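Contents: one structure, followed by commentary.
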Amino acid sequence: RALQYGDGLFETLTVRGGHLRFEALHRQRLAAGCRRLGIEAAQEGAWQQADMLARAHGDCTLKMLLSRGSSMARGYTPPRESRPRAIHMVYPAPASDEIPPRVRLVTLRAILGENPALAGLKHCNRLEQVLGRMELQHSGAFEGLMGSSSGSLVSGTMSNVFIGQDGQFVTPLLDQCGVAGVMRAVVLREAAGCGLAVREGRMPVQALRDCSSVFITNARMGVVVAHELDGRELAVSSAVLALAGKVRALAD
């Protein structure tokens with residue numbers, strides 16, 4: 001059903017020294033997603049397999065996909081009895097040069113459709129992000145920022161975004177669409193300890209024209225400071241650099 005309908009969820013985890021970073025937050029998000037989608041899965045077995053792979057590979061990126069199960073008959077309606085299936089994929093750890101020394105962002109024309117029932121979930125239907133990455137390929141930028149069908153700023157194609165406004169950073173509310181990233185949650189938890197004011201808020205895509213600085217986040221790359229947006233120079237916040245260093249050192 002994950003292949004046919006995108007009927008499933010996934011988590012992408014960074015493994016460091018055989019340890020699943022921020023495992024508790026990933027577990028919480030996957031469990032919440034299963035509740036919202038009505039996927040009755042024995043998640044503990046999937047996490048035990050993830051832990052075994054992490055210990056076997058040491059440093060890597062681990063993707064865990066949880067499908068509702070096999071589609072035993074044609075049609076969208078989930079079967080009354082389904083056997084969810086966990087699929088684990090292991091990829092190399094992030095390369096040291098994966099993030100360029102100068103990070104360029106662009107605003108994309110591709111948009112995200114609004115659906116509060118799916119907002120925040122890391123579900124398996126990522127075609128909107130695929131279209132965004134296809135558009136991004138032609139720009140040469142590191143990441144592209146996307147708005148929603150109503151014109152609200154949401155996220156990057158693979159990241160959450162924080163923009164500097166009036167001495168603080170704002171990250172978009174994700175109650176209409178977008179993925180509630182684990183690293184986004186870590187930033188919201190840790191920012192105050194670095195002297196950084198961060199809050200959630202709703203803002204139009206046009207807010208990108210006036211912001212003074214930007215950083216993006218995901219579980220694989222951590223906190224990444226942007227140097228340029230749509231050809232415009234951005235300020236680099238020392239507090240954000242401190243936050244990036246703090247987050248890099250965290251295990252959970």
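The values are calculated or read from the model by the stated rules, or taken from the named source; none is laboratory data. Since this is a predicted model, take the numbers as computed values, not measurements. Neighbour counts run over all protein chains shown; Cβ positions are idealised from the backbone, glycine included. To get the accessible areas, we keep the full protein, side chains included, count just its heavy atoms, and leave off ligands, DNA and RNA. Shrake-Rupley method; radii C 1.70, N 1.55, O 1.52, S 1.80 Å.
Answer with yes or no whether LEU112 is over 21 Å from GLY201 (Cα atoms), out of contact with any His (no Cβ under 7 Å at 6 or more places or on another chain) and among the hydrophobic types (A, V, I, L, M, F, W, C).
In short, no.
Condition check for ARG35 on (1) within 21 Å of the chain's Cα centre (by Cα); (2) surrounded by 14 or more Cβ atoms within 10 Å (Cβ to Cβ); (3) farther than 19 Å from VAL186 by Cβ: one failure, at (2). Does any residue of the stretch 191-213 turn out to be modelled with pLDDT under 95, surrounded by fewer than 17 Cβ atoms within 10 Å (Cβ to Cβ) and touching a helix residue (DSSP H, G or I) at 6+ places or on another chain (Cβ under 6 Å)? Yes, the conditions are met somewhere in the stretch 191-213.
Please find, within the stretch 218-240, the residue that is nearest to GLY144 (Cα to Cα) out of those that are touching a Lys or Arg at 6+ places or on another chain (Cβ under 9 Å) and not in a strand (DSSP E or B). If you could, list the steps in order and put the result at the bottom.
At the first step, the residues of the stretch 218-240 found to be touching a Lys or Arg at 6+ places or on another chain (Cβ under 9 Å) are 218-219, 222-223, 226-232.
When the remaining residues are screened for being not in a strand (DSSP E or B), the result is 219, 226-227, 230-231.
Working: ALA219: 17, ALA226: 11, HIS227: 13, ASP230: 10, GLY231: 13 Å.
Selected residue: ASP230.
For first residues located in the stretch 184-198 and touching a residue at least 60 places away in the same chain (Cβ under 8 Å), partners that are open to solvent by 30 Å² or more (accessible area, probe 1.4 Å) and lie 6+ apart or on another chain with Cβ distances below 8 Å form the pairs ALA185/LEU25; VAL186/LEU25; VAL186/LEU250; VAL187/VAL198; GLU190/LYS246; GLU190/LEU250.
If you scan the stretch 83-95, which residues turn out to be more than 20 Å from the chain's Cα centre (by Cα) and either among the hydroxyl-bearing types (Ser, Thr, Tyr) or exposed (fewer than 14 other Cβ atoms within 10 Å of the Cβ) (or both)? Within the stretch 83-95, just ARG83 meets the criteria. Considered as a group, the residues in the stretch 21-31 that are under 28 Å from SER70 (Cα atoms) and touching a Leu at 6+ places or on another chain (Cβ under 8 Å) include one that is most open to solvent (accessible area, probe 1.4 Å), and that residue is GLU23.
Only one of LEU153, LEU174 is in a loop (DSSP other than H, G, I, E, B), within 23 Å of VAL240 (Cβ to Cβ) and without any contact (Cβ under 8 Å) to a residue 60 or more places away in the chain; which? Give the derivation first.
Values: LEU153 fails: in a loop (DSSP other than H, G, I, E, B).
When all the criteria are applied, what remains is LEU174.
I'm trying to understand the selection: among the residues of the stretch 154-190, which are more than 21 Å from ARG29 (Cα to Cα) and either buried (at least 23 other Cβ atoms within 10 Å of the Cβ) or among the small types (Gly, Ala, Ser) (or both)?
Filtering the stretch 154-190 down to residues more than 21 Å from ARG29 (Cα to Cα) leaves 163-170.
Result: ILE163, GLY164, GLY167, PHE169.
Filtering the stretch 129-144 to residues that are open to solvent by less than 60 Å² (accessible area, probe 1.4 Å) and part of a helix (DSSP H, G or I) leaves GLN129, GLY132, GLU135, LEU136. Going through (1) charged (D, E, K, R); (2) open to solvent by less than 60 Å² (accessible area, probe 1.4 Å); (3) over 19 Å from the mean Cα position of the chain (by Cα) one by one, ARG80 falls short only on (2).
State all residues of the stretch 156-200 that are charged (D, E, K, R) and in contact with a strand residue (DSSP E or B) (Cβ under 8 Å, 6 or more places away or on another chain); if no residue qualifies, say none.
Initially, the stretch 156-200 is screened for residues charged (D, E, K, R), giving 166, 175, 184, 189-190, 199-200.
Result: ASP175, ARG184, ARG199, GLU200.
When the test is whether a residue is under 27 Å from GLU143 (Cα atoms), in contact with a helix residue (DSSP H, G or I) (Cβ under 7 Å, 6 or more places away or on another chain) and of a type in the set (D, E, K, R), GLU98 does not pass it. In the stretch 59-75 there is no residue that is in contact (Cβ under 8 Å) with a residue 60 or more places away in the chain, open to solvent by less than 30 Å² (accessible area, probe 1.4 Å) and under 30 Å from ARG232 (Cα atoms).
Pairs linking a residue in the stretch 95-115 that is free of Cβ contacts under 8 Å to residues at least 60 places away in the same chain to a residue that is open to solvent by 20 Å² or more (accessible area, probe 1.4 Å) and hydrophobic (A, V, I, L, M, F, W, C), with Cβ atoms under 7 Å and 6 or more positions apart or on different chains, are PRO100/PHE142; ALA110/LEU131.
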